[in-house]
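The block underneath contains the structure these notes are about, expressed in structure tokens.
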4 protein chains.
Amino acid sequence: MFIQLDLQSKEPLYEQLKNQIVEGIARGRLKPGDRLPAVRTLAEDLGINLHTVRKAFQELQQENFLLIHRQKGVVINPEGIPEADAAYMEILKENLRPFVAHSLCRGVDMNDFLNMTKQLFAEYTQKEGEN
Amino acid sequence: MFIQLDLQSKEPLYEQLKNQIVEGIARGRLKPGDRLPAVRTLAEDLGINLHTVRKAFQELQQENFLLIHRQKGVVINPEGIPEADAAYMEILKENLRPFVAHSLCRGVDMNDFLNMTKQLFAEYTQKEGEN
Amino acid sequence: MFIQLDLQSKEPLYEQLKNQIVEGIARGRLKPGDRLPAVRTLAEDLGINLHTVRKAFQELQQENFLLIHRQKGVVINPEGIPEADAAYMEILKENLRPFVAHSLCRGVDMNDFLNMTKQLFAEYTQKEGEN
Amino acid sequence: MFIQLDLQSKEPLYEQLKNQIVEGIARGRLKPGDRLPAVRTLAEDLGINLHTVRKAFQELQQENFLLIHRQKGVVINPEGIPEADAAYMEILKENLRPFVAHSLCRGVDMNDFLNMTKQLFAEYTQKEGEN
DNA sequence: GTGGTCTAGACCACC
DNA sequence: GTGGTCTAGACCACG
């Protein structure tokens, strides 16, 4: 797998893992229906605790990113990821808020902020080969 | 003061407080040189512990948003907030990354994302009366 | 541990603790990657409060002397301590200034002052066994 | 007077005042027998509290740097500042210790440290005109 | 009256 | 078992 965790980070491991999987989907490396490694395997590969992987998977299942079959294992939701709704957009806005406020205080131009965002979008939507 | 904390939130109280102060500065409600309430006063007003307020203040001082005088109390950095540097922009980008990835997965259009950001900028830069 | 605090001293306990750890590193008793006792353990050993230890650790982390892992505990920065920069040297000079001035007033010869400094350097750089 | 206080500093005002006077003596701007401004005058000039000036003077008197006559006012000890004794040297050493340890950790060369010290000595012992 | 230090003790998240 | 957060309450230095 392409997943890389930072054991030094302040961010919890299961959060990092969730983010990496989500980024994998955003990049198109993981597509609906794709199987993920078994919990046990992934934990071993990453050198982390079983519980940590399980927690990440469970939360992603709850957000409908993953489906966990007792037998078939873990797959990216074959029906695709649920579209963003108003509730999601509201939460997203509140999450972005402190970054905007902080940036404003430190004199970041709105266009610089927007360009950075565009850059991130570009990073995820470009074809893999162009990486 | 205009500060409102959510005691139920998973976000630590001192983080919420920090954010609210930063947002107050971004909005122009707090200007360089302005005094903040005394630690004990603010703690009582907000119904939280003095040490929680202290932690928020101290971290903001370390980020050069505030100055803390042993006797005179706490003021918004009279020299203004230090301009963003490359290091800040890099951290900002990494912080934004998961939101972009997550949004992409859920089919948020880049322009919707950008518009939401613009909206936040507008919210902070408009005159108070227009609120 | 080799740490000894003076409960009577005017110097704050957490400052004493910080200094003792830094001296431990300077002496080579603590090396990059070494683990320090858990916060609670050390607090109990020293007969002081857990929060006092935490404050010392956290400030040393901020100065890049320590790394604090939520689970693994506290270790001396495995990458080593960051080299002194111009800013540090400037602060150091201003901190030394009053001692030089005071010593001059009391007729301390510059060479005596320098020799005392050399002696301190020697004290920290000699092999442990020679103590 | 040549005294300049930093109201923003973490260092207590009375400490700053003490240091500035000591530095004045070290520089030779203040000589044994010289009169200092009255407490009231100095406090007014510096824009600080009477108590603050009084505390600085009292502590300097206790260290035999000053004599305070009820009538004649405050003068630099006419018999000169008492020579450093072994006790002073011991205290000095313990005060210098953390700076040496900290510098060692951050890779400061002993000679750089010594040169900085020499520079400070030079700064105080050079003739005023050469400033 | 201001912030700074310290204590005692609780509950939580993470692994 | 680890550190992180929060509370309640004490005493001190400074001005």
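Quick notes
- Options B:Arg70, B:Arg97; residue that is away from chain A (no Cβ under 12 Å) and of a type in the set (Lys, Arg): B:Arg70
- Within region B:28-62, tally of residues that are within 8 Å of DNA strand F (Cβ to nearest atom), in a helix (DSSP H, G or I) and within 14 Å of chain C (Cβ to nearest Cβ): 4
- The set of residues in region A:69-114 that are among the polar types (S, T, N, Q), at pLDDT 95 or above and surrounded by fewer than 12 Cβ atoms within 10 Å (Cβ to Cβ) contains only A:Asn111.
- In summary, A:Val74 fulfils each of the numbered conditions (1) closer than 19 Å to B:Gly107 by Cα; (2) among the hydrophobic types (A, V, I, L, M, F, W, C); (3) touching a strand residue (DSSP E or B) at 6+ places or on another chain (Cβ under 9 Å) with the single exception of condition (1).
- Hits in region D:108-117 - residues which are assigned to a helix (DSSP H, G or I), within 7 Å of another protein chain (Cβ to nearest Cβ) and not aromatic (Phe, Trp, Tyr): D:Met110, D:Leu114, D:Met116, D:Thr117
- Residue tally, condition farther than 30 Å from C:Ile25 by Cβ and in a loop (DSSP other than H, G, I, E, B), over region D:67-107: 12
- If you check D:Gly28, D:Gly24 for being surrounded by 16 or more Cβ atoms within 10 Å (Cβ to Cβ) and either touching a strand residue (DSSP E or B) at 6+ places or on another chain (Cβ under 9 Å) or of a type outside the set (Lys, Arg) (or both), only one passes: D:Gly24.
- Test: residue in region B:34-43 that is more than 12 Å from DNA strand E (Cβ to nearest atom) and touching a residue at least 60 places away in the same chain (Cβ under 8 Å): no
- Any chance A:Phe121 is among the hydrophobic types (A, V, I, L, M, F, W, C), within 14 Å of another protein chain (Cβ to nearest Cβ) and closer than 16 Å to B:Asn95 by Cβ: yes
- Check on C:Ala87, under 19 Å from C:Leu17 (Cβ atoms) and either small (Gly, Ala, Ser) or not assigned by TED's automatic domain parsing to the domain that holds C:Gly28 (or both): no
- Looking only at region A:1-26, and only at residues there that are away from DNA strand F (no atom under 16 Å from the Cβ) and at pLDDT below 95, the one that is farthest from the other protein chains (Cβ to nearest Cβ): A:Met1
The values are calculated or read from the model by the stated rules, or taken from the named source; none is laboratory data. Quick caveat, the model's predicted, so the values are computed rather than measured. Using ideal geometry, Cβ is built from the backbone for each residue, glycine included, and neighbour counts are taken over all protein chains shown.
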